[in-house]
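The values are calculated or read from the model by the stated rules, or taken from the named source; none is laboratory data. Since we're looking at a predicted model, the values are computed, not measured. Backbone-built Cβ (ideal geometry, glycine too); neighbour counts: all protein chains shown. Accessible surface is based on the protein model in full, side chains and every heavy atom, while ligands, DNA and RNA are left aside. Shrake-Rupley method; radii C 1.70, N 1.55, O 1.52, S 1.80 Å.
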Amino acid sequence: MSFVVTVAFRLMREGRFQTALILAGVTIGVAVVVYITAVVAGLQANIIDKTLSTQAHLVLKPREDENRRLIAPPAGGAVRAEVEKRTQRENTIDDWQQRLDAVRALPGIASGAAIASGPGFATRGGINKSVSLIGVELDDYARIVPLAPKLKAGAIALPTGTVMIGSELARELGLAPGSRLRLLSATGAAQTFTVGAVLDFGLRDLNRRWTLLPLRAAQSLLGYRLEVTELYFRADNLFEADALKARARALTGLDADSWQDNNAQLVVALRSQSASSMMIRVFVTFAVALGIASVLVVSVVQKQREIGILRAMGAPASRIRAIFLLQGALVGGVGSLLGTALGAAMAVGLSRIAITPDGSPLFPVVITPGLFYVTAGVASAVGVLSAFAPAWRAARLDPVEAIRHG
Amino acid sequence: MAEVIRLEGVRKGYGGGEAPWVEVLHGVDLVLHEGEFVSLAGPSGSGKSTLLNIMGLLEPPNDGALTIAGERAEALDDDARTRLRNRYLGFVFQFHHLLPAFSALENVLMPVFAGTGRLPAGAREHALALLERVGLAEHAGKRPVQLSGGQQQRVAIVRALANRPRLVLADEPTGNLDTQTAAEVFALMHDINREQGVTFLVVTHDERLAQDCPRRVNLVDGRIAPSPALVG
Ligand SMILES: Nc1ncnc2c1ncn2[C@@H]1O[C@H](COP(=O)(O)OP(=O)(O)OP(=O)(O)O)[C@@H](O)[C@H]1O
Ligand SMILES: [Mg+2]
């Protein structure tokens with residue numbers, strides 16, 4: 001083994017107590033970072049997953065109508081005018097098949113579906129319930145909003161004349177697969193459907209209002225002929241939805257909203273959560289760095305006689321420096337291994353405690369190999385950086401002084 | 001005989017800034033030759049240790065010329081001084097200054113290890129042979145605290161020889177030992193000097209030990225004066 005490695009190990013072994021203390025400090029610091037990272041990542045992935053389980057990543061809608069200015073301002077002049085917002089017509093998208101195909105062809109778009117939706121009523125036995133009539137082509141739609149996990153009764157299928165309804169509506173109207181249900185639209189058109197499936201969308205409001213019916217049936221009920229009201233898309237990477245939005249808009253001339261637009265509050269909440277967890281991680285890292293530095297500074301002072309002797313024996317300053325840098329790296333590296341193990345264990349432990357009534361974890365913790373590598377790398381680097389000041393100090397010691405006073 | 005080290009007009013002082021400037025060495029001229037065994041005497045505080053530190057390249061002189069093995073050394077940078085020190089010089093201090101965390105053998109290997117950064121083939125055998133020569137072969141694995149004062153100092157002497165230096169600088173190597181042990185350690189250095197031709201410069205206050213030295217120099221008033229014994 002080389003001189004630097006041998007001496008570094010020997011010094012650390014001599015100062016067992018200090019080495020143990022500093023290792024414990026690094027381990028705890030790394031464990032906190034790993035734990036917070038894993039739990040926050042798990043929480044966020046879970047929240048996003050839940051939120052997007054009934055939403056598209058990208059939604060294209062008709063352009064909003066705007067009033068045109070009747071008087072154009074003269075060049076260099078101004079006109080005082082009050083331009084009112086106009087009431088929006090029930091707008092639809094024609095030529096949608098072409099536009100759907102065009103956006104589907106964009107790189108980064110996984111799938112797309114056309115939706116024809118509008119307000120309506122569900123009636124049975126004289127009870128009227130206000131519902132959303134959502135016409136879909138089932139195969140396309142299911143690729144964007146996964147339905148199989150939501151099935152409570154019946155089968156996922158939409159042959160002509162069937163409807164899939166939310167569990168609350170089923171309860172309120174006493175419906176089960178096979179029951180008959182009459183749907184009316186605001187235009188007065190009505191049709192009777194057979195309930196094919198009862199679904200749990202995860203939200204009471206959706207469970208009360210959502211009715212999924214074949215696209216054709218919805219179009220004729222709502223009086224749309226061949227048009228649709230929205231185009232839904234799923235992106236390969238959901239965080240690219242915002243970037244895809246502009247391209248889809250330019251391609252189709254339609255208005256586009258990403259899931260981030262539709263869930264602005266959630267996005268803000270997730271961002272501030274990420275920011276605070278980042279702050280915690282940064283501060284913990286600083287605390288760990290200061291801990292390593294202070295223990296090594298003390299060790300340099302304690303060992304100055306030995307350092308002076310080594311210098312007198314002919315150890316170059318660079319080698320003395322390397323001894324302490326290596327100690328920093330070792331402490332950071334070993335501490336990060338212990339710390340990731342401890343942090344991962346704590347996160348897994350939490351996911352065992354925080355469980356839903358049915359016994360499944362409230363949220364999955366996300367512990368990736370990447371987290372291990374990054375933490376180990378950062379901790380080792382922090383170890384080396386923290387050792388800089390002590391190492392330089394050790395290398396600069398005047399051997400005569402060090403031997404005399406050490 | 002070839003020169004091992006040459007000092008010309010070497011000056012050294014301390015202080016400056018707040019403290020007043022005090023010059024300790026006022027122009028030391030000294031030449032040591034290959035195979036010599038020289039004792040250095042002088043009153044306490046006369047600058048003997050300071051002189052040895054300068055000769056040993058542990059601190060630079062303020063003025064004057066220092067030539068080691070034909071190389072001008074007074075203005076070398078830290079790395080070059082360290083390299084020259086490691087290759088040509090060995091130190092023995094008043095206190096053994098062995099590293100407590102390492103065994104006797106490891107301490108002996110330290111100059112080779114520290115200088116090259118690793119252990120070259122044969123270094124171990126050489127170190128063991130040296131320990132054997134001073135009768136410490138069976139103590140090679142012991143830590144310094146497990147050795148007696150005389151044994152510690154013998155390990156320190158062996159350590160000074162480990163890198164096959166041309167000059168060993170010993171600063172009161174027997175100052176901490178009882179008379180009997182001091183005489184033995186001194187005799188050992190004489191023997192090694194004769195056997196291996198290594199030059200020794202030994203600081204000692206002990207007149208009886210100094211008497212056995214073929215050449216004696218005194219440090220008086222910051223300059224080298226030939227020993228009266230030699231003049232007379
Ligand atoms: N780093 C320093 N700063 C200030 N003064 C110093 C320093 N080193 C040595 N001196 C002074 O230089 C003078 C010579 O010191 P030195 O240790 O060389 O004497 P010495 O001859 O070895 O004495 P002794 O026989 O007691 O060991 C002393 O007056 C000492 O106080
Ligand atoms: Mg002295």
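Among the lysines, select those whose C-alpha is under 27 Å from the C-alpha of A:Lys85, and discard any that sit fewer than 8 residues away in the same chain.
Straight-distance partners of A:Lys85: A:Lys61, A:Lys245.
Skip the ligands, DNA and RNA, and give the accessible area per residue of segment A:38-181 with a 1.4 Å probe, whole Å².
Working: 8020 Å² over 144 residues.
Per-residue value: 56 Å².
Return, for the Cα atoms of chain A, the radius of gyration and Dmax in Å, separated by a comma.
32.6, 103
On a C-alpha basis, how far is the centre of segment A:342-398 from the centre of segment B:93-170 in Å? Whole number, if you could?
Rounded to whole Å, the Cα centres lie 43 Å apart.
Report, to the nearest 10°, how far helix A:317-353 tilts away from the longest principal axis of the Cα atoms in chain A, using its own Cα long axis and a range of 0 to 90°.
40 degrees
Provide Rg over Rh for chain B; use the alpha carbon set for both Rg and the Kirkwood Rh (inverse mean inverse pair distance). Provide the component values of the computation, followed by the final result.
On the way: Rg = 17.5 Å, Rh = 18.2 Å.
Result: Rg/Rh = 0.96.
Which is farthest toward the positive dipole end of segment A:102-163 among A:Pro146, A:Gly125, A:Gly135, measuring Cα position about the Cα centre, with Cβ charges +1 (Lys, Arg) and -1 (Asp, Glu)?
A:Gly125
Take the solvent-accessible surface of the protein heavy atoms, probe 1.4 Å, and return the percent of it on chain B that carbon and sulfur atoms account for.
Heavy-atom surface of chain B belonging to carbon and sulfur, 1.4 Å probe: 49 percent.
Accessible surface of A:Phe286 in the full protein assembly, 1.4 angstrom probe, to the nearest 10 Å²?
Here the residue's solvent-accessible area equals roughly 130 Å².
Heavy atoms only, 1.4 Å probe, whole protein assembly: order B:Asp178, A:Asp200 by accessible area, highest first. Show your work: numbers first, answer last.
Numbers: B:Asp178 90, A:Asp200 60 Å².
Ranking B:Asp178, A:Asp200 by accessible area, largest first, yields B:Asp178, A:Asp200.
Could you state how much accessible area is buried at the B-A interface, both sides summed, with a 1.4 Å probe, in Å² to the nearest 100?
On the way: alone 11010 and 21530 Å², together 30330 Å².
Approximately 2200 Å², summed over both chains.
I'd like the per residue volume of the convex hull spanned by the Cα atoms of segment A:96-259, given in cubic angstrom.
Dividing the Cα hull volume of segment A:96-259 by its residues yields 109 Å³.
Based on DSSP loop calls and a cut-off of at most 11 other Cβ atoms within 10 Å, the longest stretch of chain A free of exposed GluC sites (Glu not before Pro) is what? Spell out each step's value before the answer.
Details: sites that count: A:Glu64, A:Glu66, A:Glu82, A:Glu84.
Looking at chain A, A:85-406 is the longest stretch - no exposed GluC sites (Glu not before Pro) with at most 11 other Cβ atoms within 10 Å.
Based on the Cα coordinates of segment A:223-275, what is the per residue volume of their convex hull in Å³? Don't skip to the end; give the middle numbers.
Details: hull volume 5.4 nm³, N = 53.
It is 102 Å³ per residue.
Under a point-charge model restricted to the Cβ atoms of Lys and Arg (+1) and Asp and Glu (-1), what is the dipole moment magnitude of segment A:96-259 relative to its Cα centre, in debye to the nearest 20? Spell out each step's value before the answer.
Working: 19 positive and 15 negative charges, 103 e Å.
Dipole about the Cα centre, nearest 20: 500 debye.
Going by a 1.4 Å probe on protein heavy atoms, which residues of segment B:96-110 end up with at least 20 Å² less accessible surface in the whole assembly than in their chain alone?
Residues meeting the cut-off: B:His97, B:Leu99, B:Pro100, B:Ala101, B:Phe102, B:Glu106, B:Met110.
Using a 1.4 Å probe on the protein heavy atoms, what percent of the accessible area of segment A:96-259 belongs to carbon and sulfur? Numbers along the way, then the final one.
Details: 3690 of 7210 Å².
Of all accessible area on segment A:96-259, carbon and sulfur atoms account for 51 percent.
Between B:Asp29 and A:Trp392, how many nm apart are label points set 7 Å from Cα along the C-beta direction?
4.5 nm
Pick out, from A:Val382, A:Leu350, B:Ala160, the residue whose Cα sits farthest towards the positive end of the charge dipole of the protein assembly as shown, with +1 on the Cβ of Lys and Arg and -1 on the Cβ of Asp and Glu.
A:Leu350
Return the loop-located trypsin sites (Lys or Arg not before Pro) in segment B:119-195 (DSSP other than H, G, I, E, B) with at most 15 other Cβ atoms within 10 Å of their own Cβ; answer none if there are none. Present the calculation step by step, with values, prior to reporting the outcome.
Details: sites: B:Arg124, B:Arg133, B:Lys142, B:Arg154, B:Arg159, B:Arg166, B:Arg194; in loops: B:Lys142, B:Arg166.
For trypsin sites (Lys or Arg not before Pro) across segment B:119-195 that sit outside H, G, I, E and B with at most 15 neighbouring Cβ atoms in 10 Å, the list reads B:Lys142.
Could you state the number of Å between the C-alpha centres of segment B:1-78 and segment A:196-233?
Between the Cα centres of segment A:196-233 and segment B:1-78 lies a distance of 98 Å.
Counting partner chain Cβ atoms within 10 Å of every residue's Cβ in A:303-313, what's the average? Write down the numbers at each step before the final one.
On the way: counts 2, 0, 4, 6, 0, 2, 9, 5, 5, 14, 19.
Taking all residues of A:303-313 together, the mean is 6.
If I fit a long axis through the Cα atoms of helix B:104-116 and take the longest principal axis of the Cα atoms of chain B, what angle between them do I get, 0 to 90°, rounded to 10?
60 degrees
Farthest toward the dipole's positive end in chain A, which of A:Gly188, A:Ala293, A:Ala170, given Cβ charges of +1 (Lys, Arg) and -1 (Asp, Glu) about the Cα centre?
Result: A:Ala293.
Helix A:264-302 against the longest principal axis of chain A: what's the angle in degrees, Cα atoms only, rounded to the nearest 10?
10 degrees
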